[in-house]
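The values are calculated or read from the model by the stated rules, or taken from the named source; none is laboratory data. All values derive from a computational prediction rather than experimental measurement. Methodologically, a virtual Cβ is constructed for each residue, glycine included, from the backbone with ideal geometry; neighbour enumeration extends over all protein chains shown. The accessibility values were calculated without ligands, DNA or RNA, using every heavy atom of the protein model including side chains. Shrake-Rupley method; radii C 1.70, N 1.55, O 1.52, S 1.80 Å.
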Amino acid sequence: MTASKSHTQAVAAIEELGEWQRALRAQFPIITGHPELAYLDSAATAQKPKAVLDAVQTYLTTANANAGRGTYPWANRTTALVEETRDRVKQFLDDPDPEQSAVHFTSGATEGLRTIARDWLPQLLADGDEIVIPVADHQANIEPWLEVRQQLARQGVHVRVLPMPYQRASGDYDHTAMASLSGPRTRFVAATHVHHVYGGNMNIHRVRRALGPDAVICLDAAQSIGHLPVSAAELDVDFIVFSGHKAMALPGSGAVWARQARGPAFTPGGWSGTPNTAGIASLATALDWLEAAGTDRIERWTVALAARLTDGLRHLEAYEILGCQTSLAADSPVQPRQGIVTFRHRDIDSGDLGFVLFSHGFMVRSDSHCQGNAGERTGSVRVSLHLYNTLEEVDRLLSVLNSLG
Ligand code: PLP
């Protein structure tokens, strides 16, 4: 058998980045403390490097206070931390116009998307307008928009919801169908950067091309922040929403970045109370850490491991891969698979397979992954990778999957 191009690329990336990866993996206490286990569920939440754990400890033991209220040094330091982290988020996202944009801290992607839906979208929409929603993506990026439609309908403003078209074989959006579906009344599109089940990069530049220059694009970047470079300047989107905990910060942290160039200004309404200052401290350090590690290298590493896993699974008769059947290597013009590979065994129930895999030390997700109603009908097993995962873990997983026949 001759090695496929993606296999060759995967091997090259793994060899080239091996030393870099070993040094970074060593910085995750929960990973090094459990050598018998393989954590393969980073799409659910990512593990934290020591630098992030230390930053939280330092903040809570040297400057813990409320933000934007007191005038004594700890309070001033906390206020500065919150403001500096806003700037840090803009910089991390390669913000083309940081003077104009806004960053709002949330408890995660779900709250971020819901805040845009509740506080901003109703100002944009008029009777007869259309919105496109990604019906086979995560529920967090579907429900809030349907709630807005209902809320507006009660006020006599009727908004048409257009389901995002998909290419079934790959899980990518169908950009051609999107272009014919949308028209001058299509004001808002909710999209996802990396699909949480199929692992594909959803080619947001093609969404922009299909829609033209005026529609607002709200990007759910829950699965891309920390996994690959995310450039607001290149993507030409209006909102970027993410969860801190999936980007190596603490649970309960996250942000909305609002470009403030199309539609009304984003000013989340109401009294928002005390911010999650320890979470914000963790986010600032997590972004520093990820930038120093290099999100381009993290992408190459996880894409290479995912390619190895996809290629291995393709040769195992008993398994069906969801989304792209091939690994679509990093240089693919079509749809590179990021570090998420989801599959089913043709005879073993996915829930049971999850238990079997844990008996071999593998922690995977096995259910329907909170996918919208237009998604998969039956459960599956999802392996989601980060930079602390290794080739040895992937090969051991393939060997266990193979042994299950
Ligand atoms: N969007 C996507 C694509 C996700 O994968 C997830 C979580 O898995 C979310 C949104 C929701 O994130 P959170 O639960 O952190 O709010």
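For the reader, a short list of remarks on this structure follows.
- Neighbourhood charge, 12 Å Cβ-Cβ cut-off, centred on residue 16 and excluding it, Lys, Arg +1 and Asp, Glu -1: 0
- Working from label points 7 Å from Cα in the Cα-to-Cβ sense, the residue 66 to residue 358 distance is 4.1 nm.
- Estimated 222 nm signal from helices in the chain, with DSSP H stretches of n ≥ 4 weighted -39500 (n - 2.57), rounded to 500: -12500 deg cm²/dmol
- For the chain, the relative contact order works out to 23 percent when only alpha carbon pairs closer than 8 Å and six or more residues apart are counted.
- Paramagnetic label reach from residue 272 (point 7 Å along Cα→Cβ; backbone nitrogen cut-off under 13 Å): within the stretch 64-78, residues 67-68.
- The string of couplings for the stretch 87-97 from the Karplus curve (6.51, -1.76, 1.60, θ = phi - 60°) is 5, 5, 4, 4, 5, 4, 8, 6, 5, x, 8 Hz, one whole number per residue in order, with x for Gly and Pro.
- Qualifying trypsin sites (Lys or Arg not before Pro) in the stretch 298-405, DSSP loop, other Cβ atoms within 10 Å at most 16: 346, 377
- Accessible area per residue for the chain, computed on protein heavy atoms with a 1.4 Å probe, is 41 Å².
- DSSP loop GluC sites (Glu not before Pro) with at most 15 other Cβ within 10 Å: longest gap in the chain: 100-316
- Quarter of the Cα convex hull surface for the stretch 192-268, i.e. its orientation-mean projected area (nm²): 5.6
- Top of 106, 32, 78 by mean-square fluctuation, Gaussian network on the chain, Cα under 10 Å: 32
- Note on the chain: with a GNM built from Cα contacts shorter than 10 Å, the maximum mean-square fluctuation among 169, 221, 51 falls on 169.
- Cα convex hull volume per residue for the stretch 53-293 (Å³): 117
- All Cα-Cα separations within the chain were binned at 20 Å from zero, giving a P(r) of 27, 57, 16, 0, each value a whole percent of the pairs.
- ³J(HN,Hα) computed for each position of the stretch 314-325 - Karplus, 6.51 cos²θ - 1.76 cosθ + 1.60, integer Hz, glycine/proline x: 4, 8, 9, 3, 6, 10, 10, 8, 8, x, 4, 7
- Here the chain exposes an accessible surface that is 53 percent carbon and sulfur, computed with a 1.4 Å probe and the other protein chains kept in place.
- For the chain, the tally of Lys pairs with Cα-Cα distances below 29 Å comes to 5, considering only residues 8 or more apart or on different chains.
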